[in-house]
Amino acid sequence: MAVSLTVLASLASFSADYEVARRLYEQTLAIRRELGDQRSIASSLNNLALLAADQSDYRSARGLYEESLVIARQLGDKKGIATSLANMGLMLHELGDYAAARTHSEQSLVMCRELGDRAGMAAALSALARVATDERALSSARALHSESLGIRLELGHRHGIAESLQGFANVALALTCPLRAACLWGAAERLRSELGSPMPSAERRRYDSLVRAAREACRIRERAGATTPHHGDRQDATG
């Protein structure tokens with residue numbers, strides 16, 4: 001029952017039906033607490049934390065992540081530890097604590113490499129690329145996104161591929177290549193649409209702000225009388 005409820009909850013979360021997802025995840029957690037299955041309890045807590053973070057409820061997310069991490073460490077569950085660290089890193093990045101976000105993501109990456117967890121490696125690399133982008137370390141950001149995308153293409157992880165394309169678009173915008181950014185965002189949006197997986201509401205607000213900035217940059221160029229694309233837009237911003 002717990003496994004089935006988790007699958008249903010994950011599908012609801014994937015489709016942005018957050019209220020249904022929360023109810024199902026909470027039912028799953030209750031069953032697992034009754035069973036005393038600590039490893040599964042940690043997994044359920046992590047799922048609830050992800051759901052909270054997707055809706056910008058970072059206070060709840062932090063508490064759930066920390067509880068999950070405590071259990072994983074008590075069990076010596078390296079995969080569980082790596083997962084919680086990676087997700088906490090993403091949350092800390094959204095809160096603007098780049099140093100802590102980088103530390104958590106780097107620790108997760110090391111553990112995932114040790115475990116041979118390719119999907120986990122891709123997620124940690126993507127998280128580090130986000131931090132590098134916001135810190136204007138754009139060459140590092142492109143390299144990290146490239147490594148992450150390579151793994152995701154190898155695994156056929158289409159949701160992750162969309163995330164990587166979006167990350168490259170953010171780098172392109174930071175490099176003042178708004179047209180390149182628009183193309184990459186469009187590709188990511190198309191893939192998300194095909195998957196039936198809309199962007200989480202917490203991420204959507206930031207995304208909309210970046211798109212507005214790109215549009216304004218294009219308008220400024222038009223007003224300046226530009227007749228050809230800016231040289232930056234002819235470069236391959238994805239590396």
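Any read-out appearing in this document is the output of simple, stated calculations on the displayed coordinates, not a laboratory observation. Since the model is a prediction, treat every value here as computed from it, not as a measurement. Positions of Cβ are backbone-derived with ideal geometry, glycine not excepted, and every protein chain shown enters the neighbour counts.
For the stretch 188-202, a tally of residues being assigned to a loop (DSSP other than H, G, I, E, B) and loosely packed, with under 12 Cβ neighbours inside 10 Å returns 1.
In this structure, is residue 102 of a type in the set (Lys, Arg), within 24 Å of residue 165 (Cβ to Cβ), touching a helix residue (DSSP H, G or I) at 6+ places or on another chain (Cβ under 7 Å) and buried (at least 20 other Cβ atoms within 10 Å of the Cβ)? Criteria not met by residue 102. Of the residues 4, 56, 43, 15, the single one that is free of Cβ contacts under 8 Å to residues at least 40 places away in the same chain and surrounded by fewer than 19 Cβ atoms within 10 Å (Cβ to Cβ) is 4. Taking the criterion of being more than 13 Å from residue 55 (Cβ to Cβ), within 21 Å of the chain's Cα centre (by Cα) and of a type in the set (Ser, Thr, Tyr), the residues of the stretch 2-24 that qualify are 6, 10, 15.
Output the residues belonging to the stretch 150-168 that are without any contact (Cβ under 8 Å) to a residue 24 or more places away in the chain and hydrophobic (A, V, I, L, M, F, W, C).
Residues of the stretch 150-168 that are without any contact (Cβ under 8 Å) to a residue 24 or more places away in the chain, as a first pass: 150, 153, 156.
Residue satisfying the conditions is 153 alone.
Look at the stretch 86-103: where a residue is more than 16 Å from residue 126 (Cβ to Cβ) and a partner is not basic (Lys, Arg), sitting 6+ places away or on another chain with Cβ atoms under 7 Å, you get 95/58; 100/92. The residue pairs whose first member lies in the stretch 107-121 and is closer than 13 Å to residue 84 by Cα, whose second member is among the aromatic types (Phe, Trp, Tyr) and assigned to a helix (DSSP H, G or I), and whose beta carbons are closer than 9 Å, counting only pairs six or more residues apart or on different chains, do not exist in this structure.
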